[in-house]
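Visitor: Please see the structure below; I have some questions.
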């Protein structure tokens, strides 16, 4: 229903496990009136950016929280934000690329490796899934052969998505350890910045937002694994909740852009595992948003998940890397060569391969300049001797 | 006695100066790509480096053709004759104002030190630099051609060659001032005419 609703009235109840309100319900101060399902059913239609965006633009609890490349700004995207979704131009909907057949929606990364051996969207190649190469081929740059030479190791998105969240901000930092503070009257605190974005909420902690965010870059072969409740973590450094697989020595890997979402999350410092806290619920259930007690909340969450819990809660810094594929900028805004081919450029952290402009051999450079220096010294001395001997010769005459 | 002789033909002068400009451009753009100098952006440097490389290749092919059809390639045959005298001249005679031990003639334009230097330049350094450069340019096609060499190795070899060219140019430009007057070699390379000593007095 939510996917095909064209009336815009189908709203899910936040704690309803995907269901809308069937009778009038309150969530905080918000009232959810029951959805007229009959009316919605009579007005089903094709999916659109709006229907997909109802969920995907607001992942993580709000506009642009989860993704840096998917938010409500895409509803009315112009060419600068997304060349393909430009409302005045190509005006692609989501399913233009996320091909859907019999309700099977083509995703992008999670189950399949990257598309390095495919050139066109032929069913033999890759089923119905569409990637950049499906239309643009693997040698898409008409006037620059050397740029085409990059497509075997650099994903299109890396150069063509120069920054995330170019219109709406995206959440970059979420510190749960700061949650649970109340003002002097015992009321919940909600702080907003000058642009109206929540930067502190008693229920959620401290947050930071950013626009025009430079992505992180990693070698990626299309496989992402996640830290599970059963995985032991190393709490001496930030925990990478998503592990991006691939390396420069793996020919199936390419360099991709990612949004790195950082924060602090509760964990079990004894068992060294991440934990699932219980957030929603009434008083007495251990729900954090009712009792504001992490110990009870984590106990309730871990019991419900059937996972072991030591009874201790700590906070550990975490990083969540998410591949970026939307908000493709026009060609003129693509990364120029010296964003990367330079010392301390965008790919500074990626090592193990030789990149002209960034890498050099110290021994060779030192030797080379020494040879040139010796030549210079030689001609300088020789020249000076000529000047001296000449003036002496003149004096003798 | 001094005499003016016509030493360098029009083609040789054109070849020399075009080559000088191309190599200077290649050095500047090359060291830009290498990250040593910062005069332009990387993409522009790559674009011009490739254009200059094609220019130099074309010129080289043309020059090889000219040298073989005219027989002028013989000028570069290395010889040990008077090599020692030339070394003595540059380290001694030159300072005393002695005349060079080898007389320039249109048939023998180059002294033994020039001969060996230009011979090494043409037979070793040019092919080395052009080959490493074109392998670098077509790096993505190398596996298909059955060539297994890393970009790092190619980059380092090509950089080493660039240092050799740079060192050569430093000394070459300086030695152009050691003629009859400071600018007489330079003038000769521009006009073709050089004034030389005719016989010892």
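Visitor: Would you mind stating whether residue B:112 is at pLDDT below 95 and either farther than 30 Å from residue A:395 by Cβ or within 14 Å of another protein chain (Cβ to nearest Cβ) (or both)?
Guide: yes
For (1) more than 27 Å from residue A:290 (Cβ to Cβ); (2) part of a loop (DSSP other than H, G, I, E, B), each residue gets a yes or a no:
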| site | (1), (2) |
| --- | --- |
| A:200 | no, no |
| A:218 | yes, no |
| A:222 | yes, yes |
| A:235 | yes, yes |
| A:248 | yes, yes |
| A:263 | no, no |
| A:266 | no, no |
| A:276 | no, yes |
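Visitor: Tally time: how many residues in the range A:290-321 are crowded, with 20+ Cβ neighbours inside 10 Å and more than 20 Å from residue A:269 (Cα to Cα)?
Guide: Of the residues in the range A:290-321, 1 are crowded, with 20+ Cβ neighbours inside 10 Å and more than 20 Å from residue A:269 (Cα to Cα).
Visitor: List the number of the failed condition for residue B:149; all other conditions in (1) in a loop (DSSP other than H, G, I, E, B); (2) over 27 Å from residue B:32 (Cβ atoms) hold.
Guide: The failed condition is (2).
Visitor: Further question on the same structure: Here are some residues: B:129, B:75. Which one is more than 14 Å from chain A (Cβ to nearest Cβ) and either under 21 Å from residue A:382 (Cα atoms) or surrounded by 16 or more Cβ atoms within 10 Å (Cβ to Cβ) (or both)? It would help to see each step written out before you state the result.
Guide: Details: B:129 fails: more than 14 Å from chain A (Cβ to nearest Cβ).
Result: B:75 is the single residue among B:129, B:75 that is more than 14 Å from chain A (Cβ to nearest Cβ) and either under 21 Å from residue A:382 (Cα atoms) or surrounded by 16 or more Cβ atoms within 10 Å (Cβ to Cβ) (or both).
Visitor: Out of all the residues in the range A:202-209, is one or more farther than 18 Å from residue A:265 by Cβ, part of a strand (DSSP E or B) and in contact (Cβ under 8 Å) with a residue 12 or more places away in the chain?
Guide: Yes, because at least one residue in the range A:202-209 is farther than 18 Å from residue A:265 by Cβ, part of a strand (DSSP E or B) and in contact (Cβ under 8 Å) with a residue 12 or more places away in the chain.
Visitor: Using the structure shown, decide if residue B:6 is away from every other protein chain (no Cβ under 14 Å) and over 18 Å from the mean Cα position of the chain (by Cα). Walk me through it before giving the result.
Guide: Details: away from every other protein chain (no Cβ under 14 Å): yes; over 18 Å from the mean Cα position of the chain (by Cα): yes.
It is true that residue B:6 is away from every other protein chain (no Cβ under 14 Å) and over 18 Å from the mean Cα position of the chain (by Cα).
Quick grid of which residues meet (1) modelled with pLDDT of 90 or more; (2) surrounded by fewer than 14 Cβ atoms within 10 Å (Cβ to Cβ); (3) in contact with a helix residue (DSSP H, G or I) (Cβ under 9 Å, 6 or more places away or on another chain); (4) under 28 Å from residue A:2 (Cβ atoms):
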residue: A:58; (1), (2), (3), (4): yes, no, yes, yes
residue: A:71; (1), (2), (3), (4): yes, no, yes, yes
residue: A:79; (1), (2), (3), (4): yes, no, no, no
residue: A:112; (1), (2), (3), (4): no, no, yes, yes
residue: A:120; (1), (2), (3), (4): no, yes, yes, no
residue: A:125; (1), (2), (3), (4): no, no, yes, no
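Visitor: Return only the number of the condition from (1) in contact (Cβ under 8 Å) with a residue 60 or more places away in the chain; (2) surrounded by fewer than 12 Cβ atoms within 10 Å (Cβ to Cβ) that residue A:346 does not satisfy.
Guide: Against the list (1) in contact (Cβ under 8 Å) with a residue 60 or more places away in the chain; (2) surrounded by fewer than 12 Cβ atoms within 10 Å (Cβ to Cβ), residue A:346 comes up short only on (2).
Visitor: Still on this structure, please answer the following. Before we move on, is residue B:84 more than 20 Å from the chain's Cα centre (by Cα), over 30 Å from residue A:337 (Cα atoms) and within 14 Å of another protein chain (Cβ to nearest Cβ)?
Guide: Taking the combined requirement at face value, the residue does not satisfy it.
Visitor: Give the residue that is farthest from residue A:346 (Cα to Cα), with candidates limited to residues of the range A:159-174 that are out of contact with any helix residue (DSSP H, G or I) (no Cβ under 7 Å at 6 or more places or on another chain) and part of a loop (DSSP other than H, G, I, E, B).
Guide: A:169
Visitor: Here's something else I'd like to know. Report whether or not residue B:144 is out of contact with any strand residue (DSSP E or B) (no Cβ under 9 Å at 6 or more places or on another chain), closer than 17 Å to residue A:363 by Cα and part of a helix (DSSP H, G or I).
Guide: It is false that residue B:144 is out of contact with any strand residue (DSSP E or B) (no Cβ under 9 Å at 6 or more places or on another chain), closer than 17 Å to residue A:363 by Cα and part of a helix (DSSP H, G or I).
Visitor: Would you mind finding the one in A:376, A:384 that is more than 10 Å from every other protein chain (Cβ to nearest Cβ), more than 24 Å from the chain's Cα centre (by Cα) and without any contact (Cβ under 8 Å) to a residue 40 or more places away in the chain?
Guide: A:384
Visitor: Something else about it: Just to verify a result, which residue in the range B:15-39, among those that are free of Cβ contacts under 8 Å to residues at least 24 places away in the same chain and surrounded by 15 or more Cβ atoms within 10 Å (Cβ to Cβ), is farthest from residue B:193 (Cα to Cα)?
Guide: Out of the qualifying residues, it is B:35.
The values are calculated or read from the model by the stated rules, or taken from the named source; none is laboratory data. The structure presented is a predicted model; accordingly, all values stated were derived computationally and were not measured. Reconstructed Cβ throughout: ideal geometry from the backbone, glycine too, with neighbour counts over all protein chains shown.
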